[in-house]
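One structure below.
The values are calculated or read from the model by the stated rules, or taken from the named source; none is laboratory data. Remember, it's a predicted structure, so these values are computed and weren't measured experimentally. For neighbour counting, all protein chains shown are included, and Cβ atoms are generated from backbone atoms with ideal geometry for every residue, glycine included.
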Amino acid sequence: QKAEWQLLKTAASVTADGKHFDVAANIGTPKDLDGVLANGAEGIGLYRTEFLYMDSAELPTEDDQFEAYKKVLETMNPKPVVVRTMDIGGDKHLPYLPLPDEQNPFLGYRAIRISLDRQDIFRTQLRALLRASAFGNLRIMFPMIATIQEFEAAKKVFLEEKDNLVKAGVKVSDSIQLGIMIEIPAAAVLADQFAKHVDFFSIGTNDLIQYTMAADRGNDRVSYLYQPYNPSILRLIKHVIDSAHKEGKWAGMCGEAAGDPIMVPLLLGLGLDEYSMSATSVLRVRSLMKKLSTADMAEMAEKALNDSISNDENKALVEKYTAAK
Ligand code: PEP
Ligand code: MG
């Protein structure tokens, strides 16, 4: 098995019926790049930039951020790198940025909500990203987007900072895609509208499942409700993918589910374009994809969405379809 995986390191991710998909990696810091290269990921699908903020004693400067982003973009070039703007709040805190005490931090002041409120912090990050964009294939993604207005507000700030840099003679890329995480059910439901505004979607199942099932992703007592294969979750995912495709956009996934051997066959059946996971899962998923045909997986996904009534039933369905593969 290990030998077969080694051969796949430099291969593209292709299914048994010859369809190509992108298998990308999630990183938290430039240090994670070694693992990404060692496993032959076809890009970075999620760079969680909050670690830059969490590993620092104060707000990281524009130059500190620029160096980190540049390193990742240069190392991966020409492969795409999706950088997510700061996702602080919820369970992630910064000693130097006191957040209000909240009854429900996961439903509170976090991620894009902080960025749009603290534009000083947001603009610094966007400037660092824009300057780094000259060194590779940058895509920027906003976390925890609930409304189209939030996306438009974030895009406006981005365009203002871009304009300022261009006027100052700084070299920035003209082809930076702007996308959003789909991790709030409101955004998933409205994906057909969002798709007219954004360049891409990346589905964040870690949060999307917790918000859809109303089950805290870190609470063992309700973990039985944390159901990636629940038909409700699969229907949301299908709607997001179909909505993207209708507008000629791409849809990826960067939650844990994207590297899960039960979920991947379902996602192939639903036509997900990009799968981003921890680097150590890349070769396993590439190897799995090689054995599956998208036509079979589409037939299976159809059943999972419409006939099945439970997470467990869908798990068994996938196991049946992929047995001996
Ligand atoms: C997610 O919610 O699925 C996600 C990828 O983001 P995080 O795990 O950082 O919240
Ligand atoms: Mg999330």
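General observations
- Residue count, segment 262-281 (criterion: away from ligand 2 (no atom under 16 Å from the Cβ), on the phi < 0 side of the Ramachandran plot and either part of a strand (DSSP E or B) or in contact with a helix residue (DSSP H, G or I) (Cβ under 6 Å, 6 or more places away or on another chain) (or both)): 13
- Answer residue from segment 71-111, given it is of a type outside the set (A, V, I, L, M) and part of a helix (DSSP H, G or I) and is farthest from Ser276 (Cα to Cα) among those: Pro105
- Pairs, first under 19 Å from Ala191 (Cα atoms) in segment 251-264, second within 8 Å of ligand 1 (Cβ to nearest atom) and among the acidic types (Asp, Glu), C-beta under 9 Å, six or more apart: Gly255/Glu183; Gly255/Asp207
- Residue ID - nearest to the chain's Cα centre (by Cα), chosen from residues in segment 152-202 that are within 30 Å of Lys238 (Cβ to Cβ) and polar (S, T, N, Q): Ser202
- Pairs, first more than 13 Å from Ser115 (Cβ to Cβ) and within 14 Å of ligand 1 (Cβ to nearest atom) in segment 70-98, second of a type outside the set (Ser, Thr, Tyr) and assigned to a loop (DSSP other than H, G, I, E, B), C-beta under 6 Å, six or more apart: Gly90/Arg110
- Here the condition is being surrounded by 15 or more Cβ atoms within 10 Å (Cβ to Cβ) and within 16 Å of ligand 2 (Cβ to nearest atom); of Ile241, Ile233, it holds for Ile233 alone.
- Near pairs, Cβ below 9 angstrom, 6+ apart or cross-chain, from segment 204-218 (at pLDDT below 95) to any residue that is within 11 Å of ligand 1 (Cβ to nearest atom) and not in a helix (DSSP H, G or I): Gly218/Asp91
- Residue satisfying all of: in segment 1-49; within 16 Å of Asn137 (Cβ to Cβ) and part of a loop (DSSP other than H, G, I, E, B); farthest from ligand 2 (Cβ to nearest atom) among these: Glu42
- Set Ile233, Ile237, Ile309, Ile262: member being among the β-branched types (Val, Ile, Thr), over 19 Å from Asn39 (Cβ atoms), modelled with pLDDT of 95 or more and touching a strand residue (DSSP E or B) at 6+ places or on another chain (Cβ under 9 Å): Ile237
- Flag if Phe66 is outside any helix (DSSP H, G or I) and out of contact with any Gly (no Cβ under 6 Å at 6 or more places or on another chain): no
- Of all residue pairs spaced 6 or more apart or on separate chains, those with beta-carbon atoms under 7 Å, a first member in segment 143-155 that is closer than 11 Å to Leu178 by Cα and a second member that is assigned to a loop (DSSP other than H, G, I, E, B) and modelled with pLDDT of 95 or more are Phe151/Ile145; Phe151/His197; Phe151/Val198; Glu152/His197.
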